[in-house]
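The values are calculated or read from the model by the stated rules, or taken from the named source; none is laboratory data. What you see is a predicted model; the values in this text were computed from it and never measured. Positions of Cβ are backbone-derived with ideal geometry, glycine not excepted, and every protein chain shown enters the neighbour counts.
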Amino acid sequence: MDDFTAAIHRHRRELHVHCYRMLGSFDDAEEVVQEALLRAWRSSDSFEPGSNLRAWLYRIATNACLDLLRQRSRRPEQVRSFAEVPWLQPYPDHLLDQVAPSSDEPEAVVVGRETIELAFIAAMQALPALQRAVLVMRDAIGWSAAETAAILETTVPAVNSALQRARATLQRTRPSPDAGPPRTSLSAEERDLLDRYVALSEQPDVERMAALVRDDIRVTMPPQPVCYDGWAALAPLHSLAFGPDGHGVWRLLPTTANRLPAAACYLRPRDEPDAPFSAFKLDVLRVEDGLIAEITTFGPQLFPAFGLPERLP
């Protein structure tokens, strides 16, 4: 039993990523993967030695996700912006790096950027639950139609039909992924833009910040149902946060989330120079054509999962 429990837990991170893709929420994925591992442990007698443990665990985890989705009945009709997915949360890259690929699946397939970035995760939330599961297993994990059908306890024609519909929906609702092999790290351009974003947030310069972003930049703040489109709409918000009469003094730590550049933002009241900087928000950046095209701002609740301190001196 100890060996069986250890074998189950070796797949925990991969199962967590799978549940995150299905649910869009780091916290919900944590809840469901705990339930799935408990179900697996309780059902250990039904596992046949020599059979595929990974596929067996995926069946249990997927069913746990489907159960939760049925209970909560939340699905946007379409995802025009992240503001329509209030439960959306980021995923720390250092945890993605802990996913251990199987012998025939390179890490990039399991946690490549194209199937973990926020745009993909958000677009997934508009799909019916079965289509979601099929798309993840076929396109993100790379399983065959037969393997997917066996895990979902359905037929190959049903899997192929669900995959076709899911792909068509995603093609309409999100940009095509970058050409080339899957990526698991930032480009040099993204690293440079992130460094400049950090510097211009700590030492604000509105004109230089404006030059760093696209004119049609979009900013959303899940779970808040707000969406700012264009620098003209964002500029007053930037002045409120970073101007001389703004919230206070900022310090930022560069990090990564969902294979995208991100910045952990800490705030200190302007009139309390001896106070520590407190965790305030996490900005996840999407870069396009050499400029910041989108900023998704999350609260500090997941700083511990990112290995980030709650305060800075």
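Inspect all residues belonging to the stretch 51-70 and state whether any of them is closer than 15 Å to ILE151 by Cα, in contact with a Lys or Arg (Cβ under 9 Å, 6 or more places away or on another chain), assigned by TED's automatic domain parsing to the domain that holds ALA145 and free of Cβ contacts under 8 Å to residues at least 40 places away in the same chain. Checking the stretch 51-70: at least one residue is closer than 15 Å to ILE151 by Cα, in contact with a Lys or Arg (Cβ under 9 Å, 6 or more places away or on another chain), assigned by TED's automatic domain parsing to the domain that holds ALA145 and free of Cβ contacts under 8 Å to residues at least 40 places away in the same chain. Considering each residue of the stretch 273-283 in turn, none proves to be outside any loop (DSSP other than H, G, I, E, B), within 19 Å of ALA83 (Cβ to Cβ) and hydroxyl-bearing (Ser, Thr, Tyr). When the residues of the stretch 140-159 are filtered to those that are under 26 Å from the mean Cα position of the chain (by Cα) and of a type in the set (Ser, Thr, Tyr), the one that is surrounded by the most Cβ atoms within 10 Å (Cβ to Cβ) is THR148. Within the stretch 160-183, the presence of a residue that is among the charged types (D, E, K, R), over 21 Å from the mean Cα position of the chain (by Cα), in a loop (DSSP other than H, G, I, E, B) and at pLDDT 90 or above is excluded.
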